[in-house]
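Report on the following structure.
The values are calculated or read from the model by the stated rules, or taken from the named source; none is laboratory data. Because the structure is a prediction, the values reported are computed rather than measured. Every residue, glycine among them, receives a Cβ derived from its backbone with ideal geometry; neighbour counts consider all protein chains shown. In case anyone asks, the SASA skips ligands and DNA or RNA and just uses the protein heavy atoms, side chains included. Shrake-Rupley method; radii C 1.70, N 1.55, O 1.52, S 1.80 Å.
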Amino acid sequence: MQQYKQEFIEFMIDCEVLKFGDFVTKSGRKTPFFVNTGFYRTGTQLRKLGEYYAKAIEKKFGLDFDVLFGPAYKGIPLTVATTMAISEFYGKDIRYCSNRKEIKDHGDKGILLGSPIQNEDKIVIIEDVTTAGTSIAETLPIIRAFGDVLPVGLVVSVDRMERGRGEKSALAEIQETYGLMTTAIVTMEEVVEHLYNKPYKGKIIIDDTLKAAIDAYYKQYGVK
């Protein structure tokens with residue numbers, strides 16, 4: 001596993017973004033692990049997060065795109081942090097854009113924050129995680145309502161590696177359904193590989209009991 005992936009896994013643990021226990025996802029699945037990018041709460045954390053996202057984007061898509069779009073609300077700081085990292089480390093000025101949950105009817109009117117979307121813009125979408133493709137189905141119509149654009153791909157922080165609405169993984173379904181390339185900074189397989197029965201800061205994060213719960217989850221929701 002590449003060094004930056006190992007560092008990112010430990011970074012998520014340090015920031016309490018990656019948690020283990022009993023949770024329910026947006027799609028209604030009971031899961032023993034959860035990723036919440038809302039727990040990146042300081043300037044230093046967001047700066048590092050932007051660097052990890054920027055690296056994943058550059059490796060998969062390159063930098064030949066115009067706009068990084070982050071769905072409200074968690075996508076807003078992700079777009080800002082990542083476009084800043086792309087500017088700093090790659091010297092490419094990417095515009096950032098997000099949507100509002102409610103259309104604003106005064107001042108800076110409309111549903112978008114940041115850069116306007118223009119015809120022929122190449123757009124990469126950034127999210128925290130995707131479980132069943134629910135968010136992307138809501139996001140693409142927003143983007144396409146503003147012109148003849150080219151959605152290039154989707155980047156998430158963690159690929160949960162589970163089925164979407166059918167038998168394929170959520171990211172594979174998105175690629176097939178919408179023609180979007182997809183990538184992640186790390187996969188859950190890499191997370192488990194790095195943390196299972198290996199001490200981190202004097203503690204075993206994934207022990208045998210938790211590993212069994214994760215295995216049971218994938219037996220139910222994993223890609224067959």
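The table below gives the values:
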| read-out | value |
| --- | --- |
| Test: residue in segment 99-107 that is closer than 29 Å to VAL186 by Cα, of a type outside the set (A, V, I, L, M) and at pLDDT 95 or above | no |
| Strands (runs of 3 or more DSSP E) wholly inside segment 1-87 that include at least 2 residues being β-branched (Val, Ile, Thr) and open to solvent by less than 20 Å² (accessible area, probe 1.4 Å) | 30-35 |
| Wholly enclosed helices (runs of 4 or more DSSP H) of segment 105-224 bearing at least 3 residues in contact (Cβ under 8 Å) with a residue 60 or more places away in the chain | 134-144, 188-195, 208-221 |
| Residue list for segment 117-161, filter: in contact with a strand residue (DSSP E or B) (Cβ under 9 Å, 6 or more places away or on another chain), of a type in the set (Asp, Glu) and either within 18 Å of TYR52 (Cβ to Cβ) or modelled with pLDDT under 90 (or both) | GLU127, ASP128, ASP159 |
| Top-ranked residue of segment 169-193 - restricted to ones that are small (Gly, Ala, Ser) and more than 12 Å from the chain's Cα centre (by Cα), ranked as least open to solvent (accessible area, probe 1.4 Å) | ALA170 |
| Set GLY110, GLY166: member being more than 30 Å from LYS30 (Cβ to Cβ) and open to solvent by 20 Å² or more (accessible area, probe 1.4 Å) | GLY110 |
